[in-house]
Amino acid sequence: MEFMKLNRLMMALLVIANCFFEGQGLAEIAIDKKTNQLVYGTISKPKIIFTPSVLINNKWFKTKPCLFQKVGHLKCDVNDFGFLVIEQEGAEVATFFQAKRKIVFGGVNFNAILNDSPYKIMLSQGFHSWSNSGWIRIPYSNQLELSPSPVTAINDERRHGDENSWEVTILSSTSSHFLIGVTSATEFKSRIELKMIDNSRDLSIKLVSGDTGDKIDLKSGQKFVMDNWYLNDGAHINPVVKDYTKRLQSFNRNYNLQQKIIGWNSWYEFWQFVDEKDIRYHLKHASPWVNNIFQSSTLAKNNTKFALIIDDGWADDWGAWNRNEEKFPTHFNSLTQEIKEKGLVPGIWLAPLLVRQGSSLTEKNPSWFLTEHIYEHPTGKFKILDVTHPGVQIHLKKLIKAMVGFGFEYLKLDFLFLGAYEGQRHQNVTGMQAYNLAMQMIREAAGDDIYILACGSPSIASFPYVNSWRLGADIGFMVPALFRGPSWTDVTKQARSLSARWLYCDLVDCDNDPWLMRSPHTKSSAEAAGWVAAMGGGGLFWSDSHEKISDQRKKWQFSSDIIRIALSGQGAQPAIPYLMDAPPKLGEPSIWDRIIDRDRLWAPPVWLIPGGGKLLINFNDVAINLDGNIVEPRSSIYLDTVLEK
């Protein structure tokens, strides 16, 4: 029971330098005279002590004993390099480092041991949209020292999840939940490293901001302000999550945006081979389709716009972003006007931070790009724009304004995480500072009325600037799709991502990628896939060719329950008891898994639906019993009952 009461106690939590929390009775913040540390909790029975270290000149230094300045305020010297200031603000911990002489600053770390931890599983967040994310059992390790080499978020997509959780985690048991996370992502990349100490029930906790390769030059007197940490726990997960997410910045919340977008995207049918005739075919057949959807859902009719998205394949090349006139002979100004005359929203895809290596832009402007990184994609090698360079800023704003000027009202922006790579830039900034600058310029150039989907992007750093955020990897891949169509393992993987990221879905329109209807989906597996696509609550897209799929399959799209959930503005929540079956690591399907239709992943099978109701999904290939219901393989059962929250 002691951890069940921590929610109210930790609202004042953690003036981290060294602090305690105690789950019973009245806690207090006081100075422990024996250690000269600021503590939280009952001094005679401390529970957690967080000790800070600072990364200076590529080496970690523990701070000297911290000095109490005033209530909720500590000052901790770091040799003669400078000092760390730590301030407690309710459930948040604010820190900044100030240099006393010229140094290279790389981050701040807080270490702690939670004795006799009750927690069994953890939410493990990947760094960006496509990074493997989900729930796992808390890993064991006897390696408690800091890693001597920086952790990187580069090539994070196929992570196992036991390395760390980026930006936020939730530790859970059947009766208590402990959330740790940053409330912004404007300065450094932040992560939480969690390990059960071998042969014990003690939990090692490390909160790390930085240590990913950023090197910030500070002169004497210069200050670097960190992103705040938040810590809170309770017997019920929802109050803790809501208290955390209300502190995060959100474009949609700032402007009280309620309208959702549903629509059709060209990618999963036509890939990079899309042309104007494909778009015109779907424009021609859009009206009866939209009418059927609106007839099946009053909510869709009253609160939704329908978009037609031209995905990758329209441009001559990435980076130049000129219309391929052979594939799209009609000028975009005219094409978007035709789309609008049909009552639809015209949308377009681009990767604004990438330019193909060897292109005229890279040859003419070599100083515009990060020198340390080349992004290798199946279609070639690409350089990453340095958005701190004045020339790049003009270029990026001009590009976004051009797309809006063509009449596009929906921008699907891809590969954005590359803008957060660490490296030498025109200005001395971190990768996350550069990313925030890029997103700020994009939003300013687009204007507030343009709908922006951030794809392949960090989460918290994107929310202040975008309407929608892709919360998982692609739902299909071209090579296996050409052999056999959509793969079930990608449905499971998408559900796994949602189980880790549902907490964001009241801040941003969570995009779970399109709902695919084509073979080899059966009616039951297509319906289950539809639920997974809809459970983010941020809208719903399709991507099958209406010329190719049968009339019977087209009817499967008009489920009023699925469309209602897709437009709810809230993410479905995995049921806690079933999370306890989480695996020790996150798996990654192979191309062969997709070709032979093999699924080796785990995702929560029971979900709580916003507004009341429960969804049972069997991701397995054999029938299972869920809450007294037999659920057939690769199928779902929706129980329309109001549940006690």
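The values are calculated or read from the model by the stated rules, or taken from the named source; none is laboratory data. As the structure is a prediction and not an experimental result, all values here were calculated from the model. All Cβ positions, even for glycine, are placed from backbone atoms using ideal geometry, and neighbour counts span all protein chains on display. To get the accessible areas, we keep the full protein, side chains included, count just its heavy atoms, and leave off ligands, DNA and RNA. Shrake-Rupley method; radii C 1.70, N 1.55, O 1.52, S 1.80 Å.
Within segment 177-199, the residues that satisfy the criterion of being of a type outside the set (A, V, I, L, M, F, W, C), at pLDDT 90 or above and assigned to a loop (DSSP other than H, G, I, E, B) are 183, 184, 186, 187, 189. Whether a residue is out of contact with any Phe, Trp or Tyr (no Cβ under 9 Å at 6 or more places or on another chain), under 22 Å from residue 60 (Cβ atoms) and in a loop (DSSP other than H, G, I, E, B) was assessed, and residue 151 passes this test. Can you spot a residue in segment 527-535 that is part of a helix (DSSP H, G or I) and in contact with a Gly (Cβ under 6 Å, 6 or more places away or on another chain)? No, segment 527-535 contains no residue that is part of a helix (DSSP H, G or I) and in contact with a Gly (Cβ under 6 Å, 6 or more places away or on another chain).
Collect the residues in segment 78-97 that are surrounded by fewer than 17 Cβ atoms within 10 Å (Cβ to Cβ) and assigned to a strand (DSSP E or B), keeping them in residue-number order.
Restricting attention to segment 78-97, the residues satisfying the condition of being surrounded by fewer than 17 Cβ atoms within 10 Å (Cβ to Cβ) are 79-80, 89-90, 96.
The answer is 89, 96.
Does residue 246 satisfy the condition of being modelled with pLDDT of 95 or more, crowded, with 22+ Cβ neighbours inside 10 Å and among the basic types (Lys, Arg)? Taking the combined requirement at face value, the residue does not satisfy it.
Scanning segment 568-622 for residues that are basic (Lys, Arg) and either in contact with a Pro (Cβ under 6 Å, 6 or more places away or on another chain) or open to solvent by less than 20 Å² (accessible area, probe 1.4 Å) (or both) turns up just one, 594.
Each residue in segment 358-372 was checked for being at pLDDT 95 or above and under 11 Å from residue 385 (Cα atoms), and 8 of them qualify.
Might you let me know whether segment 540-548 holds any residue that is closer than 20 Å to residue 471 by Cβ and either part of a helix (DSSP H, G or I) or among the acidic types (Asp, Glu) (or both)?
no
For segment 622-645, filtered to residues that are modelled with pLDDT under 95 and of a type in the set (Asp, Glu), the residue that is farthest from residue 506 (Cα to Cα) is 627.
Hey, any hits in segment 526-537 for a residue that's small (Gly, Ala, Ser), on the phi > 0 side of the Ramachandran plot and open to solvent by less than 10 Å² (accessible area, probe 1.4 Å)?
Taking segment 526-537 first, the residues small (Gly, Ala, Ser) are 526, 528-530, 533-534, 536-537.
The next check asks that each one be on the phi > 0 side of the Ramachandran plot; those that pass are 537.
From what's left, open to solvent by less than 10 Å² (accessible area, probe 1.4 Å): 537.
Yes, segment 526-537 contains at least one residue that is small (Gly, Ala, Ser), on the phi > 0 side of the Ramachandran plot and open to solvent by less than 10 Å² (accessible area, probe 1.4 Å).
Say we look at segment 407-461 and pick out the residues that are of a type in the set (D, E, K, R) and closer than 28 Å to residue 340 by Cβ; which of these is surrounded by the fewest Cβ atoms within 10 Å (Cβ to Cβ)? Break it down into steps so the answer makes sense when it comes.
Step one: of segment 407-461, the residues of a type in the set (D, E, K, R) are 409, 412, 414, 422, 425, 443-444, 448-449.
With the extra rule that they be closer than 28 Å to residue 340 by Cβ, the set shrinks to 409, 412, 414, 443-444, 448-449.
Numbers: 409: 21, 412: 25, 414: 22, 443: 18, 444: 13, 448: 11, 449: 8.
Among those that are of a type in the set (D, E, K, R) and closer than 28 Å to residue 340 by Cβ, it is 449.
Within segment 625-638, can you find the residues that are more than 28 Å from residue 481 (Cα to Cα), assigned to a strand (DSSP E or B) and either acidic (Asp, Glu) or open to solvent by less than 50 Å² (accessible area, probe 1.4 Å) (or both)? Working first, answer last.
Within segment 625-638, the subset more than 28 Å from residue 481 (Cα to Cα) is 625-630, 638.
So of that shortlist, the ones also assigned to a strand (DSSP E or B) come out as 625-626, 629-630, 638.
Result: 626, 629, 638.
Candidates 502, 542: the one that is buried (at least 23 other Cβ atoms within 10 Å of the Cβ), in contact with a strand residue (DSSP E or B) (Cβ under 7 Å, 6 or more places away or on another chain) and more than 18 Å from residue 573 (Cβ to Cβ) is 542. For segment 178-191, filtered to residues that are open to solvent by less than 10 Å² (accessible area, probe 1.4 Å) and over 15 Å from the mean Cα position of the chain (by Cα), the residue that is farthest from residue 439 (Cα to Cα) is 178.
Against the conditions (1) under 24 Å from the mean Cα position of the chain (by Cα); (2) within 23 Å of residue 55 (Cα to Cα); (3) at pLDDT 95 or above, residue 138 satisfies every one except (2).
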